[in-house]
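Note sheet for the following structure.
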Amino acid sequence: MELPISIKQDDIYTFNLEIPYYNWFYPLQYNVDDSLQKLFNNDIYLEGVKGAYIHIPFCSSLCSFCPYIRTHIHDTELRNSYVSCLIKEIKSYQRNTKPGLECIFFGGGTPSLLSPENFIDIMEAIHSVFKLSASCEITIEANAMSLTPELCSTFKAYNVSKVRIGVQAFNSQSRNLYQLKATVPDIIRSTELLKKYNILVSYDLLFGHHGQSLESFINDINLADELCPDTIEIYPINFLSVPDRYWRALSKSMTHLSARDRVLFFKAGKERLLELGYHQWSGHGFARDKSFDLLYHRCVYGTLGGLISFGPSAISFGDNYLKWNHSGIDKYIEDINSKAVPTYYARKITETESKAKRFVTELPYYGSIDYDNDITGEISEQLYKLIDSDIIYKNDSKLKLSENARLQYSSIMFYLLPEQDKEALSREILSLCAGLGGRFQGDMIWI
Ligand code: SF4
């Protein structure tokens with residue numbers, strides 16, 4: 001069954017559904033081509049690559065809302081053996097001529113749990129395989145507890161440009177529900193530390209949990225702003241993916257927020273950030289500097305070029321091929337140690353997918369794309385419906401999203417998917433809904 005999305009405009013809504021998936025890689029990871037698994041030829045995955053992603057799947061504690069592939073860190077031995085496997089995977093791409101890179105993103109998990117030595121070893125491996133551009137952007141996700149002067153000084157020595165701190169909230173009700181172990185003083189200390197090293201600071205803030213008031217969310221934005229981060233990213237909590245510990249942490253008095261409430265939270269949060277002088281640089285991101293950009297996201301959601309990724313569950317794509325690693329951490333370590341390569345799945349990217357990417361991800365995520373009358377192919381019918389409804393409009397040489405449409409950008413991503421992808425994503429979302437065994441309330445998807 002396909003999710004029955006259709007245009008239904010009112011004062012804030014653009015669609016009858018709020019798709020509860022906020023970002024995804026496109027093309028989607030399905031239709032494995034077994035012949036590519038047997039043919040291990042890294043060269044094909046490097047064609048068109050501009051960015052690298054390094055997955056660090058460890059956390060010092062597990063937050064209640066977090067769906068990512070990560071495990072509680074047990075000991076430094078496990079972390080060190082994981083890092084040596086990552087280095088082997090990176091070095092498996094070593095060639096006579098080094099491919100260029102314009103951006104590197106360390107995500108997780110908690111990359112700031114790496115020791116300075118781990119970080120140096122990974123960066124040296126990257127330098128031995130790739131030629132980094134002079135202005136290569138290096139971004140690291142961090143937990144406020146784990147940033148030390150030694151680590152920040154090592155980041156600076158390797159030209160790390162941005163650190164994203166998973167703040168999530170300042171108020172104690174949300175922080176307790178999210179089971180965050182870092183404290184507000186940790187956030188203040190780590191922000192000051194990064195500023196001392198001239199590294200850009202980004203905060204992630206979550207909204208839309210059970211029982212949250214709009215007032216407390218706006219107050220969290222105000223508190224974040226007082227610490228002067230360079231960017232603030234506001235995300236709705238994804239109930240389809242939160243683990244059991246979130247549901248167990250809820251108290252009876254915490255009522256469920258509807259999809260409409262969550263879109264209203266986003267609208268109010270956006271308006272407050274604009275009042276504070278930020279500008280919207282992406283679907284959920286707001287920056288003080290109007291020229292702010294994240295090249296890594298230009299690879300993932302835009303059309304800057306391909307991405308080569310390392311670690312369990314890492315997704316890579318180049319001009320023509322898509323590849324994704326098996327998600328198990330233990331299996332990753334076992335595979336690299338026994339056969340030097342991870343278990344992975346791969347397939348060719350179709351022409352339809354290549355053509356659709358600008359409209360499916362770049363336009364919704366950035367709110368506009370250059371337009372040169374090239375609307376053809378499978379998704380043109382949906383695109384023209386959005387244009388006819390003034391959800392997307394033409395302005396000079398650009399296609400732009402209306403301001404209301406930007407509030408539901410992930411629904412536009414879904415609406416514009418080619419048919420086969422829409423079916424595949426619908427299956428995944430509906431199976432996650434079914435797996436929630438009745439705890440899922442329908443209006444999180446259906447209005
Ligand atoms: S939110 Fe970040 S720190 Fe918390 S469990 Fe997820 S990856 Fe780890």
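Throughout, read-outs are computed from the coordinates displayed, never taken from laboratory work. Just so it is clear, the model here is predicted, and its values are computed rather than measured. Every residue, glycine as well, gets a Cβ built from its backbone with ideal geometry; the counts of neighbours run over all protein chains shown.
Is the C-alpha gyration tensor of region 17-118 telling us rounded, prolate or oblate? Criteria: a/c under 1.5 is rounded; beyond that, a/b larger than b/c is prolate, otherwise oblate. Mind dumping the intermediate values first?
Working: a/c = 1.82, a/b = 1.15, b/c = 1.59.
The shape class here is oblate.
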Contact order relative to length for region 34-300, counting C-alpha pairs under 8 Å separated by 6 or more residues, stands in percent at 18
Given backbone amide H placed at 1.01 Å from N, residues whose amide H is under 5 Å from that of Tyr235, ignoring those fewer than 5 places away on the same chain, are Leu205, Leu206, Phe207
Gyration tensor on Cα atoms of region 349-427, a ≥ b ≥ c root eigenvalues, a/c under 1.5 rounded, else prolate if a/b beats b/c, else oblate, says oblate
One finds the C-alpha centres of region 192-266 and region 364-410 to be spaced, in Å, by 28
Quick calc of log₁₀ I(q)/I(0), region 146-242, Debye, one scatterer on every Cα, no solvent, q values 0.21, 0.22, 0.26 1/Å, result -1.04, -1.11, -1.39
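Please arrange Asp319, Asp372 by how many other C-beta atoms lie within 10 Å of their C-beta, fewest to most. Present the calculation step by step, with values, prior to reporting the outcome.
Numbers: Asp319 14, Asp372 9.
Least to most surrounded, the residues fall as Asp372, Asp319.
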All alpha-carbon distances of region 104-187, grouped into 10 Å bins from 0, give the whole-percent distribution 16, 46, 25, 11, 2
Here the percent of antiparallel bridges among DSSP beta bridges lying wholly in region 34-300, to the nearest 5, is 15
Expected sort for Ile120, Ile379 with the fewest Cβ neighbours (10 Å cutoff) up front is Ile120, Ile379
Taking only the alpha-carbon positions of region 109-149 as identical scatterers, the Debye log10 I(q)/I(0) at q = 0.16, 0.28, 0.32, 0.33 Å⁻¹ comes out as -0.49, -1.05, -1.12, -1.14
Taking Rh as the Kirkwood radius computed over alpha-carbon pairs of region 34-300 and applying Stokes-Einstein at 10 °C with viscosity 1.306 mPa s, one gets a diffusion coefficient in µm² s⁻¹ of 80
When the charge dipole of the chain is computed with +1 at the Cβ of Lys and Arg and -1 at the Cβ of Asp and Glu, the Cα pointing farthest to the positive end, of Ser380, Ser81, Ile126, is that of Ser81
Assertion target for Lys131, Lys385, Lys290, ordered by fewest C-beta neighbours within 10 angstrom first, is Lys290, Lys131, Lys385
By the mean-Cβ-within-10 Å protection proxy, highest first, 5-17, 172-184 rank as 172-184, 5-17
For 399-411, 104-116, 249-261, ranked highest to lowest by mean beta-carbon neighbours within 10 Å, the order is 104-116, 399-411, 249-261
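Can you tell me what the convex hull of the Cα atoms of region 273-351 projects to on average, as an area in nm²?
Numbers: hull surface 29.3 nm².
Average of the hull's projected areas for region 273-351 equals 7.3 nm².
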One checks the Cα atoms of region 316-447 and finds Rg and Dmax, in Å, of 18.7, 57
Percent relative contact order for the chain, counting Cα pairs under 8 Å at least six residues apart, stands at 22
Across 20 Å bins beginning at 0, the whole-percent shares of Cα-Cα pair distances in the chain come to 24, 61, 15, 0
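Could you work out the helix-only [θ] at 222 nm for the chain, with each DSSP H run of four or more residues adding -39,500 (n - 2.57) and the total divided by the number of residues, to the nearest 500 deg cm²/dmol?
Values: 18 runs with 171 residues, N = 447.
It lands at -11000 deg cm²/dmol.
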Computed curve, region 144-202, Cα-only Debye sum without solvent term, log₁₀ I(q)/I(0) at 0.12, 0.20, 0.26, 0.30 Å⁻¹, is -0.29, -0.71, -1.02, -1.24
Proximal lysine pairs in region 306-401, meaning Cα under 21 Å and 8 or more positions apart or interchain, come to 18
